[in-house]
Every structure is written in C-alpha cells, then in structure tokens.
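Just so it is clear, none of the values below were taken in a lab; they were calculated from the coordinates. Not measured: the values here are computed from a predicted model. Note that each Cβ is placed from the backbone with ideal geometry, even for glycine, and that neighbours are counted across all protein chains shown.
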Amino acid sequence: MGDVASHWFFMLQNAYTGWQFCRHTKPAPAFMRSDPAFSIRNFPHVRRLIEPSLDAAIGEVKRHEHDSNGLLNSLMPYRTQLSPFEKRLRQGVTFWSLASTLMLLRDNDELAQKILPPCPSIGDPFVDRLLRAESLNSSSVVFRSWVSLVFMRPDDILKVLKSIPNPDAHLQAFLDLFLHDQVRRIRNALSHGTFNAEFQELEYRDREKVGHISFTELDNLNSCVFAFWASLWATSLAPENS
C-alpha cells in the first residue's frame, strides 16, 4: 500500500469508529463488519463534540419529546397561517427520505461502485471502498443538516411561530433551539458552503467564528429539528374544523 493509501487507511480507521457507535445512523457497511481487521476492539470510543449550551438546548427539547399533545395544541390554532408552507414542508420530508438512500447506497457497494467514480490515486480496492463509504456517510449527514436547518426553515415560518403567545414548554424549547447562536452559525455555514464534513466531524465557519460538532451530535440536532417540521407539516394538513 502506497503512502497516500496508508494515510487514508489510517484516517478511515478513525472514521469507522463513528459508524459503530453512532446511535442514529446505520452500522458500518457489510464489507467492513465482516472484516476481522475492523474488530470493534481495535478502535477507541468516539468523543462527544458539541458546544455545551447547544447540547443543553437539545436536551431541553428531548425532555418534552413525549408530550406531543401539548405541542400540537399550541400549533393547531395557527394551522391557517401554516398552510401556505405545506408544499415546502412536504418537499422537506421527501428530501429527508432521499438522504436515507445515500446510506442504502453506502451499504450496497456493488451499486455504489457503478454510480460513483473511483477515488483518484488509490490503488487498493479495499481502501477505495472505505473512501467511498465515508463520502456517502458524510454526504448523508450534510444533506440531512441542510434539509432540517436550511430548506425547511424559511423566515416566514419562524415569524408565525414567534407570534404565538404563551407557547407551551415544548414549543418554547424548539424556538430556543432554532434561535441558538450555534444553530444559526451551522445554518449559515451550510448556506454559504463554509464548512468541512469528514471523518465524523463537521467544522463550520460563520464569518470569524469557527465551531465543531460530531456527526453523532449533529444527527441528534437534525432529528430534533426535523421532528418539529414534521409536526408542522401535519398541522398544515389539518382540516379547518379539527
């Protein structure tokens, strides 16, 4: 194995750890799980990488995740104001589902090999497959992040939400999360392309501010936000007399 391939192989060994320990993504591709060289004993635990106040904001949303009635009761009186966004929210749900196909493609290396070009300067087929799987994994996380934090969050929706008087605790937790400085910076970085996403971490740059978040924590954020948009979509579809 050449020097370039050896370097990527070492980096991908570290990246593989995230596939094993991430609770919100699929396990590693079959060809990696079946290889004894990738025994889970060979890799350290993935570190948690998230700004503490953002972690707390996500935790506050999760604290109310079983109280869906309170959230819907807060939203239902505003279904008329939300109905103009039904198409946007429906498209977002479709895009989110499409992001999952990238993970299916990652797990079907034969198909991925036909669709995606080979990695340049990599002569080792196994390392080539690892790089392809890492690229698909990173792309899936970035796509989900763009859908949940950019596409499904037009400013007009936020204006409606902020106009709701006396929101219940669940809705308030979501609003606090949407307006969090780190969420805004991640969103700006995704919008302007000022980010790097590889080896289980997203580095995001918003003007002079630079932050880092692990894919595991970013998927936690994406899942929380997307669940809220899905609730808004359901509300926008509710009949007038409900």
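Cross-link candidates for Lys209: which lysines have Cα within less than 28 Å, leaving aside residues fewer than 8 places away along the same chain?
Lys62, Lys159, Lys162
In whole Hz, with x marking every Gly and Pro, tabulate ³J(HN,Hα) for the range 139-144 from phi via Karplus 6.51 cos²θ - 1.76 cosθ + 1.60, θ = phi - 60°.
4, 5, 5, 5, 4, 4
With θ set to phi - 60°, apply the Karplus curve 6.51 cos²θ - 1.76 cosθ + 1.60 along the range 190-207 and write out the HN-Hα couplings as whole Hz, x wherever there is a Gly or Pro.
Residue by residue, the range 190-207 yields 5, 5, 9, x, 9, 8, 10, 10, 6, 6, 6, 9, 10, 9, 10, 10, 10, 6 Hz.
At 37 °C and a viscosity of 0.692 mPa s, what translational diffusion coefficient does Stokes-Einstein give for the range 142-215, taking Rh as the Kirkwood radius over Cα pairs? Give it in µm²/s as a whole number.
The estimated diffusion coefficient comes to 247 µm²/s.
How far apart, in nm, are the 7 Å Cα→Cβ label points at Met76 and Val93?
1.8
What distance in nm separates the two pseudo spin-label positions at Ser163 and His66, each 7 Å out from Cα along the beta-carbon direction?
Modelled inter-label distance: 3.5 nm.
If we sort 129-142, 174-187, 221-234 on the protection proxy, mean other Cβ atoms within 10 Å, highest first, what's the order?
Values: 129-142: 21.9, 174-187: 18.4, 221-234: 20.2.
With the highest mean Cβ count within 10 Å placed first, the list reads 129-142, 221-234, 174-187.
Please list, in order along the range 151-162, the HN-Hα scalar couplings obtained from phi with the Karplus expression 6.51 cos²θ - 1.76 cosθ + 1.60 (θ = phi - 60°), rounded to whole Hz, x for Gly and Pro.
Those phi angles translate into 5, 8, 10, x, 4, 5, 5, 5, 4, 4, 5, 6 Hz.
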